[in-house]
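Throughout, read-outs are computed from the coordinates displayed, never taken from laboratory work. Please read these numbers as outputs of a predicted model, since none were measured by experiment. Here Cβ is always computed from backbone atoms with ideal geometry, including for glycine, and neighbour counts include all displayed protein chains.
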Amino acid sequence: MSKSCLIIGGGIAGLTSALALQKTGITPTIHELRASPSTIGGSINLTPNALRLLEFLDVEIQGCRVDSIEIFSLHSGKLIGEVPFRKFGPSVRILREELLKALLRAVERSGIEVNYGEKLVGVVEDDGEEKVTAVFENGKRVKGDFMLGCDGVHSAVRKYVEASRGPEYTGVVVAYSIVEAPGIKTHFRSTALNSGRCGSLLTSYFDEDRARIYVGAVMEIKEENDKQGWRVRGSDTQKTRDEIERRYKNSAIPCVDELVQKVEDFVFYPVYKLSPGGVWSKGRVLLLGDAAHAMPPQGESTGLAIEDGVLLARVMASASEKPIQEAFRVYEKTRRSRIDIAYKEAVMRWENVKDRSWFSQKVIEWLMWIVLWYRRNPFELSMSYDIRQEEILE
Ligand SMILES: Cc1cc2nc3c(=O)[nH]c(=O)nc-3n(C[C@H](O)[C@H](O)[C@H](O)COP(=O)(O)OP(=O)(O)OC[C@H]3O[C@@H](n4cnc5c(N)ncnc54)[C@H](O)[C@@H]3O)c2cc1C
């Protein structure tokens, strides 16, 4: 009989792991906290390796094709570096909301059940019965053969798997907005990272017809607010605009000022991470995506979340007769090294977005091409990586 899988969280990891598992004959059911698919979230970079997996999962994506990320100096306006994707196929920038919609269309076509308004509050394992039960805030209880915690960095499932590992605020916030593109003379082809000593400003098209521009200010803000606090801060558009102007004004790039002036509202997205390593599974429960390994954003987190589900499906298919705990052990053994490398890389790149002195910024600008050239090997390895070819370590 086909195994049943309870997937907690209908974000990117939850929806893609459901699609991957269903291909192997497992029956997934998704349980999502929100009352309907989330419409918040900024633009997301889908790297060539992530796009290959989405195609494999029959997910049709429309967004803005990005052949390279251009890096500009806010101070001089000069191009100081470029991260090219072309060699590996294009990458695509897309709104998180649009990616979710595309995934949900594929999930619907596959006949996978998605339940909204179901907040997980407890996990119960009954060894005698070899089942796991999800307990929801609305009183509903559902049993399955195994459970996946795909509930993001603030995961409730992780409290069951490893209560001591919680989210840590990185000290950095992304304040983002969307601006109508017509009339704005941009300095970039598709996506630009505009680097300054008080943070970076990401400016990018994200839809096929380039009708709108995403503006995301990456800023070091030391104090941590609760959810309500971030909401209040985000809704104070004038205060946020003043803060952004203080950081990015007098740029040699004219469209930066123009874009900031055109913003009507900012959304504040405080960035959280988990400590590296950690425990990923307990009994019949496994963590995937940000719930297992949230790291500082490095433009590849979405791809990593998709890889998790595709690898798990491969392991489950090859270990269908073995106990579930054994399949989780094999999954983890195979997966750890790629995640550990990505984590180190993310931490290294993340240090560059924090505030720094005028002199350090100058040095970074002088050395950018050299650093990118020196770091090309791990980047190329990551872009050409295919989890479907990864050797499964028994
Ligand atoms: C609202 C939102 C906005 C985001 N915006 C950005 C952005 O602008 N830029 C960026 O780089 N990344 C953003 N992210 C994070 C990005 O989506 C993830 O880093 C990455 O895609 C990994 O996906 P994930 O599925 O592991 O986690 P997530 O995308 O965080 O998805 C987790 C899902 O689990 C659900 N959930 C949480 N707790 C429970 C519970 N107790 N019971 C049931 N369901 C639960 C959440 O509602 C969510 O749908 C955002 C995430 C969210 C949830």
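Numerical summary
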read-out	value
Sorted by Cβ density within 10 Å, fewest first, the residues 244, 364	364, 244
GNM result for the chain, Cα springs below 10 Å: residue of 298, 238, 228 fluctuating most strongly	228
Cα principal axis extents for the range 32-101, largest first, Å	47, 28, 16
Part-to-part distance (alpha-carbon centres) for the range 78-120 and the range 260-288, which is given in Å	16 Å
Sites residue 138 and residue 227, calculated FRET efficiency, Cβ-Cβ separation with R0 22 Å, nearest 0.05	0.60
Straight-distance crosslink candidates among aspartates and glutamates, where the alpha carbon sits under 12 Å from residue 140 and sequence neighbours closer than 8 are dropped	118
Mean residue ellipticity (222 nm) of the chain, computed from DSSP H runs ≥ 4 via -39,500 (n - 2.57), nearest 500	-11500 deg cm²/dmol
About the Cα centre, charge dipole magnitude for the range 1-62 (Lys/Arg +1, Asp/Glu -1 at Cβ), debye	180 debye
Computed Rg/Rh of the range 244-313, alpha carbon atoms with Kirkwood Rh	1.21
Burial ordering of 275, 43, fewest other beta-carbon atoms within 10 Å first	275, 43
Per-q log10 I(q)/I(0), the range 267-394, q = 0.12 Å⁻¹ (Debye; single scatterer per alpha-carbon; no solvent)	-0.56
Overall Cα dimensions of the range 198-334, principal axis frame, Å, largest first	63, 37, 22
Linear extension gain, residue 347 paired with residue 124, 0.36 nm per residue minus alpha-carbon span	76.8 nm
Fewest-first sequence of 382, 281, 110 by Cβ atoms within 10 Å of each Cβ	110, 382, 281
Computed P(r) (all Cα pairs; the range 114-190; 5 Å bins; percent)	3, 10, 17, 15, 11, 9, 7, 8, 7, 6, 4, 2, 1, 0
Projected-area average for the range 15-167 over all orientations - Cα convex hull basis, square nanometres	12.4 nm²
The range 190-256 - convex hull of alpha carbons, volume per residue in Å³	112 Å³
Given charges at beta-carbon only (K, R positive; D, E negative), |dipole| of the chain in Debye	660 debye
FRET efficiency, 1/(1 + (r/R0)^6) with R0 41 Å, evaluated for residue 237 and residue 61 via beta carbons	0.85
Part-to-part distance (alpha-carbon centres) for the range 151-173 and the range 364-393, which is given in Å	27 Å
Average silhouette area of the chain, convex hull of alpha-carbon atoms, in square nanometres	18.9 nm²
The range 162-208 - Kirkwood radius from inverse mean 1/r over Cα pairs (Å)	13.9 Å
